[in-house]
Amino acid sequence: MKVFFDLDGTLIDSRKRLHSLFVRLTGHEMEFAAYWETKRNYRSNGWILEQAGFSDDAVSQFQQSWMAQIENWDNLLLDVLYPGVDEALHEVGKCAELYVLTARQSPELLCQQLEHLAILKHFSQVLSTAQKTSKADLVCQRGIRVSTEDFMVGDTGEDVLAGKQLLVQTIGVTCGFRNRKALSDHGPDWLVEDAKAAAKLITQSPRKTKTR
């Protein structure tokens, strides 16, 4: 059995990094809670800035700066693991091969961060699209064979779509970048609170608890 884990919003709480960079680049003092409530309702940074009266040019400049800085090491140091992630990965790793499957731009900094957070040891492979391909296509390009016994765990509709394209079972976690309603609209096989709950589902009795 193979289990593919998205990273940001699934294993790693990167909310502080994203919010602090947003404020630093824009000077728009949007409160942390308000920012994330807006983001979890599928509103983009660009939408937030447009609502705040930023011009199209200002939004475009922000987006360029965002992509250039979001994975700087100093910013990545703001990320933390969600509680219980290390233990959850250890338990799932007893019965499955584990993979990170993320859209991060820099594979090198990605591995550096996973080592820093002491979870790199759990994964057979670390897969990063580098913003050049889809997650499902990357798995296929790497020649990784999957089956209906395998799982994709993530916090966004894009993760659910990747799992469906790979014909694996999909678990949406509601602790991340999308609220339960936004995530359920994409039809994951299961919706759970976090990676700990996903690990329990995988290792115990997933077929008995399947809900839509």
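What follows draws every value from the coordinates through simple rules; no lab data is involved. Here the structure is a predicted model, which is why all the values come from computation and not from measurement. Cβ: placed from backbone, ideal geometry, glycine included. Neighbour counts: every protein chain shown.
Once the C-beta distance of Q61 and N179 is scaled by a Förster radius of 22 Å, the resulting FRET efficiency is 0.15 to the nearest 0.05.
With a Förster radius of 35 Å applied to the beta-carbon distance between Q141 and K94, the computed FRET efficiency rounds to 0.80.
To make sure I understand the rule: partners must be aspartates and glutamates, Cα under 13 Å from the Cα of K39, and not fewer than 8 residues away in the same chain. Which ones qualify? Hits, sequence-local ones excluded: E31, D155.
Taking every DSSP beta bridge that has both ends in the chain, the antiparallel portion is near 10%. Projected onto their three principal axes, the Cα atoms of region 1-116 cover extents of 52, 27, 21 Å, largest first. Assuming charge only on the beta carbon of Lys and Arg (+1) and of Asp and Glu (-1), the dipole of region 35-133 about its Cα centre is about 220 debye to the nearest 20.
Each of I144, H90, G176 was placed along the dipole of region 67-212 (beta-carbon charges, centred on the mean Cα), and the one lying farthest toward the positive end is I144.
Think of region 1-68 as having a plus end and a minus end, set by charges on the Cβ of Lys, Arg, Asp and Glu; of F54, L25, S14, S14 sits farthest toward the positive end of this dipole.
Among K16/K196; K121/K181; K94/K181; K16/K94; K132/K200; K121/K164, which pairs are too far apart, with a Cα-Cα distance over 30 Å? Check vs 30 Å cut-off fails for K121/K181; K94/K181; K16/K94; K132/K200. Roughly what percent of Cα-Cα pairs across region 15-76 reach past 12 Å? Cα-Cα pairs in region 15-76 separated by more than 12 Å: 67 percent. Neighbours of Q63 by Cβ distance under 13 Å: Lys/Arg scored +1, Asp/Glu scored -1, total -3. Protection proxy ranking, highest mean first, for peptides 20-32, 119-131, 1-13: 1-13, 119-131, 20-32, where packing is the per-residue count of other beta-carbon atoms within 10 Å, averaged. By the beta-carbon count within 10 Å of each Cβ, the least crowded to most crowded order of R145, R43, R17, fewest first, is R145, R43, R17.
Its alpha carbons give the chain an Rg and a Dmax of 17.1, 52 Å.
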